[in-house]
Amino acid sequence: MRRAAALLGLLAALAPVWVFAADPLGPPRASLAPGQFSLGVEYSYAQLELRKRRPDYEDQVITPLGIDNMHTTYLSLSVGTMEWLECFVRIGGVTMAGDEQEKASSTRVMEWDYDYDTELIFGGGLRVTFATLGKVTLGAVASYSYANFDGAYQMDGTKITTHQLKYRDWGTVDAQMQQWCIGVGAVWQLRENLALYGGGLFQRVLLHQTIQMNDSSITEVDDTPFSSSYRNDGAASQFGGYGGIEWTITQHVTLRAEGSLTEDSLGGSLMLGMDF
């Protein structure tokens, strides 16, 4: 009961937050004994699509914002707090790019390309063991992270009146990302040093960014900064699955490789940890 309460408490605390599911998760169980620590290096790669929360015009048609080549590297610290509970924090760097197309009206089409700088990302989470049935352990993992991006954008537009007019704007972008992911599943201990794990995945995503135009190929442009919010929208993009393999190389060194998939995202990660 206390284990379920711990996970529910974390979910309640993070409920107002919208986030990506691009972070490494690891096995859904507590792997460290109380008082034991683990220092790790984690890398993940992800691609995903986000949708604008509301259009600026009634007849606006927008393709999803595609986040391409999202690379994240963490230094993580985990600690066993109880036999069934493990907590972790992590900090690192993240880089990515994005693009979208929007049809603002029947006569105007715009294509946006975003180039985000490499930035700091940080977060944390917990792993919980529910029960162990022979070689199978049931549990859950939840994580949260946050990053603030600076970057640049370029917009190529086409306006159709009596003739076709092509134009280009460029400027800066300031973006905030939050990531929240929950995995519930099982770990199957194949051998003493080898285990498979996986289960269901739930994710929510929010990207909020502000655009500031610096220059344009035409003069009749409003250069007032404006903001837009994006999220993963729909059950198929929020629910999916993940799985991985855990190899205990030595008594204190562990290597994990995993992948995740939903309708609008895919990702993979590697995690190398040392217990002490």
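Here are the numbers for the structure shown:
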read-out: Number of positions in segment 104-134 that are within 30 Å of Pro64 (Cβ to Cβ) and either surrounded by fewer than 16 Cβ atoms within 10 Å (Cβ to Cβ) or touching a Leu at 6+ places or on another chain (Cβ under 6 Å) (or both); value: 10
read-out: Index of the failed condition, Gly157 passing every other in (1) at pLDDT below 90; (2) loosely packed, with under 14 Cβ neighbours inside 10 Å; (3) not hydroxyl-bearing (Ser, Thr, Tyr); value: (2)
read-out: Pairs where the first residue, in segment 169-192, is within 18 Å of Gly134 (Cα to Cα) and at pLDDT 95 or above and the second is part of a strand (DSSP E or B) and of a type in the set (Asp, Glu), C-beta under 8 Å, 6+ apart; value: Val187/Glu246
read-out: Residue match in segment 231-238 (condition: over 17 Å from the mean Cα position of the chain (by Cα) and either among the acidic types (Asp, Glu) or at pLDDT 80 or above (or both)); value: no
read-out: Tabulated pairs, segment 79-95, first of a type in the set (Ser, Thr, Tyr), second assigned to a loop (DSSP other than H, G, I, E, B), C-beta under 9 angstrom, 6+ apart or interchain; value: Thr81/Ala30; Thr81/Leu32; Thr81/Pro34; Thr81/Gly35; Thr95/Asp117; Thr95/Thr118
read-out: Test: residue in segment 204-217 that is more than 30 Å from Leu120 (Cα to Cα) and at pLDDT below 85; value: yes
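Residues checked against (1) charged (D, E, K, R); (2) buried (at least 17 other Cβ atoms within 10 Å of the Cβ); (3) part of a strand (DSSP E or B); (4) touching a helix residue (DSSP H, G or I) at 6+ places or on another chain (Cβ under 8 Å):
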| site | (1), (2), (3), (4) |
| --- | --- |
| Tyr230 | no, yes, yes, no |
| Tyr242 | no, yes, yes, no |
| Glu246 | yes, yes, yes, no |
| Thr250 | no, no, no, no |
| Arg256 | yes, yes, yes, no |
| Leu261 | no, no, yes, no |
| Gly267 | no, yes, yes, no |
| Leu270 | no, no, yes, no |
| Met274 | no, no, yes, no |
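The values are calculated or read from the model by the stated rules, or taken from the named source; none is laboratory data. Being a predicted model, the structure only gives us computed values, none of them experimental. Every residue, glycine as well, gets a Cβ built from its backbone with ideal geometry; the counts of neighbours run over all protein chains shown.
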